[in-house]
Structures are given as structure tokens and as C-alpha cells.
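One structure is given here, and the rest of the page talks about it.
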Amino acid sequence: MKERNRNSSAGWFGVVLAWLCCGAALPMQVNGQGYPPPVGAGIVASLEMDQAVYTNQPAMVWCPPCVTNVPPCMLPCYLVEQQTAIAQFIFAVTNQFNLPRTFEFSSGQQFDIEIIDQTGLVVAAWSDGTVFSQAQTSFTLDPGQAVMFNAKLALQDRAGKQLNGVYDIHAFLTTSGPQPRVDATRQIAVTLPP
């Protein structure tokens with residue numbers, strides 16, 4: 001009889017232990033909201049830039065006009081170097097949920113910004129040519145807290161050719177795991193005078 005009670009007690013102990021350990025994974029209510037929260041719920045991302053229209057200046061030769069009627073005109077011409085516009089971006093991520101949210105990354109890179117042409121091709125990215133630490137990183141946003149990422153991008157493609165046209169700017173967190181992408185998109189115009 002004692003052996004049977006001991007086995008029965010061990011069985012109940014296992015059930016209670018499993019409930020305590022795994023019960024936290026079951027959906028429940030905290031502060032009137034479901035917990036754990038739906039993945040991505042309450043996270044708001046925004047992307048701001050210093051201007052909406054940029055101008056790239058191509059390299060050119062400039063020759064001043066002759067101001068005399070005496071030929072030949074002996075004024076020198078000048079080589080004007082190419083000037084590629086630099087865009088400045090601020091990517092902000094805000095936790096509008098009532099509970100803290102943690103974001104995990106597989107490297108030191110926590111965000112990226114891509115320049116996408118009208119065909120959907122990524123022509124340049126902030127991370128191009130950048131080396132990041134291979135250590136896992138993370139950050140936690142408390143309710144109402146925000147994190148801001150600043151980036152500067154030269155408005156040229158990966159081959160160094162100056163951009164000209166309308167482009168989508170796509171900023172996102174480079175989180176690891178199955179979390180939905182936290183991102184924001186804006187549009188810019190880049191002009192290239194003849």
C-alpha cells in the first residue's frame with residue numbers, strides 16, 4: 001500500500017511540476033492584455049530623413065565664357081568633381097505595448113537601410129562594406145520606450161554610379177528568429193542634372 005501511495009504521489013508531483021513549468025507558456029491575461037503578446041504587437045517603426053529630394057552633381061568640365069572679341073580666347077577650362085548627395089536617416093522603433101519587448105540579433109548588426117529602385121532591386125544598403133561583430137546582441141524596450149538608429153547613405157549604387165530617379169527607402173531591424181519584421185518605408189527622389 002505504501003508503494004502504491006509513493007507511486008501515486010510521484011505521479012501527482014510530476015503533473016504539478018509540469019503545470020508550473022509549462023503553465024507560463026499557456027495564454028493568460030496580464031493587465032487586461034493577452035500574455036504572451038502576439039509577436040510584433042504594439043511595436044511601431046518610423047523612418048525620417050533630412051529631405052525628400054536630393055541632387056547628385058556629375059563630374060563635368062566648365063569653361064568660362066570669353067568676354068573679349070579678340071580671338072583666340074585663352075581662358076582655361078576647369079574640371080568640376082562629382083558630388084554625390086548624402087542622405088541622413090533616423091529609424092525609430094517604439095514599444096507601445098504594456099509589457100517590455102526584447103529583440104535578439106545574431107550579430108552586432110541590429111538594423112539596416114536599403115535603397116530600392118522602381119523595379120524592386122536593392123541598389124544599395126547601409127550595411128554594404130561594413131563588418132559587424134559576430135557576437136549575439138539584444139536590447140529590451142520597456143513600455144513607451146523607443147530606440148533610434150542614425151545612418152548616412154551616399155546616393156549611389158553598389159558600383160559607385162550616382163542614383164537618378166525615385167527610390168524606396170526600407171529600414172528594418174535585423175532580428176533573428178521567427179519574429180515578424182519591424183520595418184518602415186519612405187520614398188525619396190534623386191535628381192542628376194545633365
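The values are calculated or read from the model by the stated rules, or taken from the named source; none is laboratory data. Here the structure is a predicted model, which means the values were calculated and not measured. We place every Cβ from the backbone using ideal geometry, glycine too, and count neighbours over all the protein chains shown.
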(request) Could you grab the pairs with beta carbons closer than 7 Å, sequence gap of 6+ or different chains, first residue in the stretch 88-100 and closer than 27 Å to residue 53 by Cβ, second one part of a loop (DSSP other than H, G, I, E, B)? (result) 88/50; 93/182
(message) Would you confirm whether or not the stretch 70-92 contains a residue that is touching a Lys or Arg at 6+ places or on another chain (Cβ under 9 Å), small (Gly, Ala, Ser) and modelled with pLDDT of 95 or more?
(response) yes
(request) Among residues belonging to the stretch 118-159 that are farther than 18 Å from residue 170 by Cβ and without any contact (Cβ under 8 Å) to a residue 24 or more places away in the chain, point out the one that is surrounded by the most Cβ atoms within 10 Å (Cβ to Cβ). (result) 131
(request) For the stretch 62-119, please list each of the strands (runs of 3 or more DSSP E) lying entirely inside it that holds at least 2 residues being touching a Ser or Thr at 6+ places or on another chain (Cβ under 8 Å) and under 30 Å from residue 146 (Cα atoms). (result) 86-95, 101-105, 111-116
